[in-house]
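What follows is a short report on a single structure.
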Amino acid sequence: MPTGVPIEFSGLTKQFGQVAAVSDLSFTVEPGQVTGFLGPNGAGKTTTLRMLLGLVQPSSGSASFGGTAYAQLDSPLSTVGASLEAASFHPGRSARNHLAVYAQAAGLPKTAPDAALEKVGLAGYANRRVGGYSLGMRQRLGLAFALLGDPGVLVLDEPINGLDPEGIKWIRLLLRAMAAEGRTVLISSHLLSEVQQTVDEVVIISHGTLVHRGELSTLDTSDTKQVQVNADDRDRLAEIIRGAGYTVSNLRSGVLVDNAEAGEIGRLAFDAGIPLTGLSQKRTGLEESFLTLVGEEGAL
Amino acid sequence: MSLVHAVRSETTKITSTRLWWVLALIMVGYVGICAGGLGAIFGGLGTNTNGPVLPDAQIPLLIYGFATSVGYVFPVLFGALAVTSEFRFQSLTPTFLATPRRGVVLAAKLITLFLAGAGFGVLALLASMGAGAAVLAGFGIDPLLSDPATWAFVGRSLLAMALWAAIGVGLGTLVPSQVAAIVIVLAFTQFVEPLLRLGSGITDWSAQIGQFLPGSASDALVGSSIYTAMSGGGGVALEWWQGGLVLAAIAAVATLIGFATSWRRDVS
């Protein structure tokens, strides 16, 4: 079983002319967990990953896998599996031959392409030309390329983009299983909600600089907790809650109470003898913190 | 070790799409028709009482020479497309991920396409010698198939086709845009160079320069072609090995400049 090594970014910087696409990024991605690399489109995620993989030359700083730069790895595809956003396929080549090209270049066994296609559920389409693949199938083929050498480190750029709900569930389980085996898994996304159920750690960048890193739960920095509650006699419910000193606003499907715990609101209603038809704690903190970190314009 | 792997990978790349046999099919048809057609013309002239333009002994190689004199554009295109398609389909990303040492990839491409060019040469010679020899034999002209000079010509033709494919690789790295590379290949080989060769023959000093044009160098290497026959055989020409060196130098210089520019650029 290949084990993961940490991915280390140290002062990584890329200037395109006067514009800094990535500035002084330093962080470490640990093995054994899934790390989400988040930021709005254009934040510099792809450039960072391309520098990590030796495809783009950094202006300064470095990135390595357990201390070794990608270009210096002895057997790159067996150490790091990467899938980048661009659909890098010759449309006239079959999926099996596409993978065989790179398996041969890396000196992998002849069985590697079929094994990788099997893992991503494309075994039945191995001889079909890639030009006829759907977006979801291309994503899976990109993942098959990443898995080709059974690597201890996975670097995936927007792997969930273009997958159907079933595919999203499948990749979620796959990535979690890979991390549980001790591999290092780094996935990028521009949507927190897309990876929220998959990642343990988050690294968030905006305009090429690191704005937050830590466990997913540390992202929930907002103090505002809200409770959504509903009853048949909604006006009286709102009156009671307001009477207890809460700020209340009306929603289409109930009443929204700021700075409240569901238990307290439930007790208030119980004491007043109002039967509730709905009561839930709102957890909007993650997404809101994310949007605050990356700036509102990034949400678009 | 990694060069061997890379050559294997490049070989799979060029054999796993339809391009090679589409180009080869057109080449074989084109070369075969030219060789068969001209064979018929010379055969007809030979039996005509007005007298032959050329001695019988020169005719076979002139006709077999269509393999390179009209066929050379196909290995050039094949070599150029092998490089430009990597840029066009962004497949340099997985290529450089599998083989991070970019020089190794380019060296493997040169080796692979050099061999593929020789393979195109085999097919082109099969077409020109097959059609040519059949037609000549039909007119009672000795096709010279057992002459050692013919087989030396075959060897030099294979080398020429291999070098042309390597020049294509160089061109592809110099001009990564696929459309631009195709336009340059076709415009230069079909229009610009023939005119330059014709024009350079007018004065002695320009003929000295003209012999270094890639097409002239290729004809010098092969030793017989319709162009040299048309200029009456009196024009200046390089020795066969000099012609080979000129082609190899063009391939090397183009590839080195391409490596230093487009090949080492950021891949995004």
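Listed here are the residues, each with its yes/no results for (1) crowded, with 18+ Cβ neighbours inside 10 Å; (2) more than 14 Å from chain A (Cβ to nearest Cβ); (3) modelled with pLDDT of 95 or more; (4) under 21 Å from A:Phe145 (Cα atoms).
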| position | (1), (2), (3), (4) |
| --- | --- |
| B:Thr99 | yes, no, yes, yes |
| B:Leu113 | yes, yes, yes, no |
| B:Leu126 | no, yes, yes, no |
| B:Arg156 | yes, yes, yes, no |
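Pairs linking a residue in region A:96-109 that is without any contact (Cβ under 8 Å) to a residue 24 or more places away in the chain to a residue that is buried (at least 24 other Cβ atoms within 10 Å of the Cβ) and charged (D, E, K, R), with Cβ atoms under 8 Å and 6 or more positions apart or on different chains, are A:Val101/B:Lys13. State all residues of region A:77-107 that are of a type in the set (A, V, I, L, M), within 9 Å of chain B (Cβ to nearest Cβ) and crowded, with 22+ Cβ neighbours inside 10 Å; if no residue qualifies, say none. Matches in region A:77-107: A:Leu77, A:Val80, A:Ala82, A:Leu84, A:Ala100, A:Val101, A:Ala103, A:Ala105.
Of all residues in region B:234-243, at least one satisfies being assigned to a helix (DSSP H, G or I), at pLDDT 85 or above and touching an Asp or Glu at 6+ places or on another chain (Cβ under 9 Å). For region B:101-111, filtering for residues that are basic (Lys, Arg) and more than 8 Å from every other protein chain (Cβ to nearest Cβ) leaves 2. Residues that are more than 14 Å from chain B (Cβ to nearest Cβ), over 16 Å from A:Ser189 (Cβ atoms) and surrounded by fewer than 23 Cβ atoms within 10 Å (Cβ to Cβ): does region A:140-148 have at least one? No, there is no match, as no residue in region A:140-148 is more than 14 Å from chain B (Cβ to nearest Cβ), over 16 Å from A:Ser189 (Cβ atoms) and surrounded by fewer than 23 Cβ atoms within 10 Å (Cβ to Cβ). Of the helices (runs of 4 or more DSSP H) lying entirely inside region A:1-110, those containing at least 2 residues that are within 20 Å of the chain's Cα centre (by Cα) and within 28 Å of A:Leu135 (Cβ to Cβ) are A:45-52.
Every test in (1) without any contact (Cβ under 8 Å) to a residue 12 or more places away in the chain; (2) within 14 Å of chain B (Cβ to nearest Cβ); (3) of a type outside the set (A, V, I, L, M, F, W, C) is passed by A:Gln18 save one, and that test is (2).
Within region B:201-228, the set of residues being among the hydroxyl-bearing types (Ser, Thr, Tyr), in a helix (DSSP H, G or I) and touching a Leu at 6+ places or on another chain (Cβ under 7 Å) comprises just one member, B:Ser218.
The C-beta contact set for region B:60-82 (first residue within 23 Å of B:Ile111 (Cα to Cα) and outside any helix (DSSP H, G or I), second residue among the hydroxyl-bearing types (Ser, Thr, Tyr) and modelled with pLDDT under 95, distance under 8 angstrom, 6+ apart or interchain) comprises B:Tyr72/B:Thr189; B:Tyr72/B:Ser218. Within region A:149-177, the set of residues being closer than 22 Å to A:Leu191 by Cβ and surrounded by 21 or more Cβ atoms within 10 Å (Cβ to Cβ) comprises A:Leu154, A:Val155, A:Leu156, A:Asp157, A:Glu158, A:Pro159, A:Leu175. Selection of region A:60-76 for residues being in contact with a strand residue (DSSP E or B) (Cβ under 8 Å, 6 or more places away or on another chain), within 10 Å of another protein chain (Cβ to nearest Cβ) and farther than 24 Å from B:Val83 by Cα yields A:Ala69, A:Leu73.
Inspection of region A:74-87 finds a residue satisfying the criterion of being more than 16 Å from A:Phe9 (Cβ to Cβ), in the same structural domain as A:Gln139 (by TED's automatic domain parsing) and without any contact (Cβ under 8 Å) to a residue 24 or more places away in the chain.
Residue by residue, here is whether (1) closer than 30 Å to A:Ser78 by Cα; (2) of a type outside the set (Ser, Thr, Tyr) holds:
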residue	(1), (2)
B:Phe66	no, yes
B:Tyr72	no, no
B:Ala82	yes, yes
B:Met129	no, yes
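Restricting attention to region A:111-139, the residues being among the charged types (D, E, K, R) and within 11 Å of chain B (Cβ to nearest Cβ) number 1. The selection criterion, being aliphatic (A, V, I, L, M) and away from every other protein chain (no Cβ under 14 Å), holds for B:Val70.
The listed residues are B:Gly37, B:Gly32, and the only one of them that is surrounded by fewer than 19 Cβ atoms within 10 Å (Cβ to Cβ), of a type in the set (Gly, Ala, Ser) and away from chain A (no Cβ under 14 Å) turns out to be B:Gly37. Within region B:83-98, the set of residues being over 10 Å from B:Val169 (Cβ atoms), assigned to a helix (DSSP H, G or I) and of a type outside the set (Ser, Thr, Tyr) comprises B:Glu86, B:Phe87, B:Arg88, B:Leu92, B:Pro94, B:Phe96, B:Leu97, B:Ala98. Assess whether A:Leu38 counts as being buried (at least 17 other Cβ atoms within 10 Å of the Cβ), among the aliphatic types (A, V, I, L, M), over 14 Å from A:Gly142 (Cα atoms) and more than 12 Å from every other protein chain (Cβ to nearest Cβ). Taking the combined requirement at face value, the residue satisfies it.
Of all residues in region B:7-29, those that are touching a residue at least 40 places away in the same chain (Cβ under 8 Å) and more than 12 Å from every other protein chain (Cβ to nearest Cβ) total 6.
Here is a check on your reading of the model: is A:Ala43 in contact with a Phe, Trp or Tyr (Cβ under 6 Å, 6 or more places away or on another chain), on the phi < 0 side of the Ramachandran plot and small (Gly, Ala, Ser)? So A:Ala43 does not fit the description; no. Applying the condition of being in contact with a Leu (Cβ under 7 Å, 6 or more places away or on another chain) and not hydrophobic (A, V, I, L, M, F, W, C) to region B:74-97 and asking which residue is surrounded by the most Cβ atoms within 10 Å (Cβ to Cβ) yields B:Gly79.
The values are calculated or read from the model by the stated rules, or taken from the named source; none is laboratory data. All figures in this text were calculated on a predicted structure; none of them were measured in a lab. Heads up, the Cβs are rebuilt from the backbone with ideal geometry, glycines too, and the neighbour counts pull from every protein chain shown.
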